[in-house]
Amino acid sequence: MYFHYYGQLLHQQNMLQDFVRTGTYYAAVMENRSDFEGRVVVDVGAGSGILSLFAVQAGARHVYAVEASEMAEHAQRLISGNPSLGHRITVIKGKVEEVVLPEKADILISEPMGTLLVNERMLESYVIARDRLLAPDGKMFPTTGRIHMAPFSDEYLYVEMANKALFWQQHNFFGVDLTPLHGSAFQGYFSQPVVDAFDPRLLISPPTYHTLDFTSMKEEELYEINIPLSFVASVGTRVHGLACWFDVLFNGSTVQRWLTTAPGSPTTHWYQLRCVLSQPLYVMAGQEITGHLRLVAHSAQSYTIYLTMSAKMWGVGAEQGGILQTSTGKLELKEPYYRLSQPQSCTLPQDQQQQQLPSLQAQGSEQQMQEGLSPAFTIDQDCLN
């Protein structure tokens, strides 16, 4: 099913039309021509072949475009239709875990990122390709990835999620009492991570991040990812969960360029992801929020998310530690709630009106392309004023 999905041109078009994504890849390659000129490149999961064509434009001696899905045939037609570039590209239909190439690569290029960076588990193939196909001193584009996290407060979203289960509170649905299933339905809706673009002012603490170094990490490290959480609330409010996004670095010899999916940055087809707790936490300004984010890989090319967030003691005696309140959640990354066309509320609780969180510092913002928001996303104009 995974290969069938990416074997369709409409899904390739969706990715190509993400101009932040495609434009950043193009800039990262063209600004680092010295890494590509006269070099052998392997395009891991080549898709339409667009990254292979970029590599040749940057002077690559030869590119092996490895693609396991039926998209390999489309890639061959696209490459053949651009003969001035295509004569230096060999399309190979197969898995990077199995293909045999006539020579080692000087550089790997790929777009292995999914929602929350790790969804679809293509990062494992990227790491396997490194071990099988890359020369010892070879480069990887992208080079590293980071998962960013911060607690958020969004009463509008929480009520929207909770209200979905109201259907199951009917006592007389064609003569049937549905209420015995309300609790399960309620928890079921909160097992869906929310994928949308949100206002960064909903974050109630500066973010932290977890780094994945594609050049050195082992494949097994992607089977289970454990991330400790520690934040200090900037305002007094209800914490509704954990917001997540990612960025990747193209560590070129000439230019280091970041591709970010951060809230407040130009929106990508990855958007951002939020894990909403069925039981919010109450915190005061200055109170510590701790917890744990655990991502466990499974056979459906995705991850189960286990989230624990706790509010620690605050005020007199806080230095002695202790937990006042804990909330947990189990979510399926493969089954998100795509909330892409909903207006996003930026209404702040009363006690936050005078205490605005300092604006999120965009990582690598000097390298970001200044593109507009995706047409699929709408935001309350008051939030922009």
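The values are calculated or read from the model by the stated rules, or taken from the named source; none is laboratory data. This one's a predicted model, so the numbers in the text were calculated from it and none came from an experiment. All Cβ positions, even for glycine, are placed from backbone atoms using ideal geometry, and neighbour counts span all protein chains on display. We work out accessible area using only protein heavy atoms, side chains counted, and drop any ligands, DNA or RNA first. Shrake-Rupley method; radii C 1.70, N 1.55, O 1.52, S 1.80 Å.
Brief remarks on what is shown
- Failed criterion for I147 (all others in (1) under 30 Å from L108 (Cβ atoms); (2) assigned to a helix (DSSP H, G or I) hold): (2)
- Residue match in the range 243-265 (condition: under 21 Å from Q325 (Cα atoms) and either of a type in the set (S, T, N, Q) or touching a Phe, Trp or Tyr at 6+ places or on another chain (Cβ under 6 Å) (or both)): yes
- The set of residues in the range 141-159 being polar (S, T, N, Q) and buried (at least 19 other Cβ atoms within 10 Å of the Cβ) consists of S153 alone.
- Residue in the range 32-44 that is open to solvent by 10 Å² or more (accessible area, probe 1.4 Å) and touching a helix residue (DSSP H, G or I) at 6+ places or on another chain (Cβ under 8 Å) present: no
Results for (1) over 27 Å from G145 (Cβ atoms); (2) outside the structural domain of A28 (by the TED database), shown as yes or no for each residue.
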| position | (1), (2) |
| --- | --- |
| V63 | no, no |
| M71 | no, no |
| Q76 | yes, no |
| G81 | yes, no |
| R88 | yes, no |
| I92 | no, no |
| E98 | no, no |
| R121 | no, yes |
| V127 | no, yes |
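- Among the criteria (1) touching a residue at least 40 places away in the same chain (Cβ under 8 Å); (2) in a helix (DSSP H, G or I); (3) buried (at least 22 other Cβ atoms within 10 Å of the Cβ), the one I128 does not fulfil is (3).
- Strands (runs of 3 or more DSSP E) lying entirely in the range 160-242 (those with 1 or more residues that are of a type in the set (S, T, N, Q) and open to solvent by less than 50 Å² (accessible area, probe 1.4 Å)): 208-213
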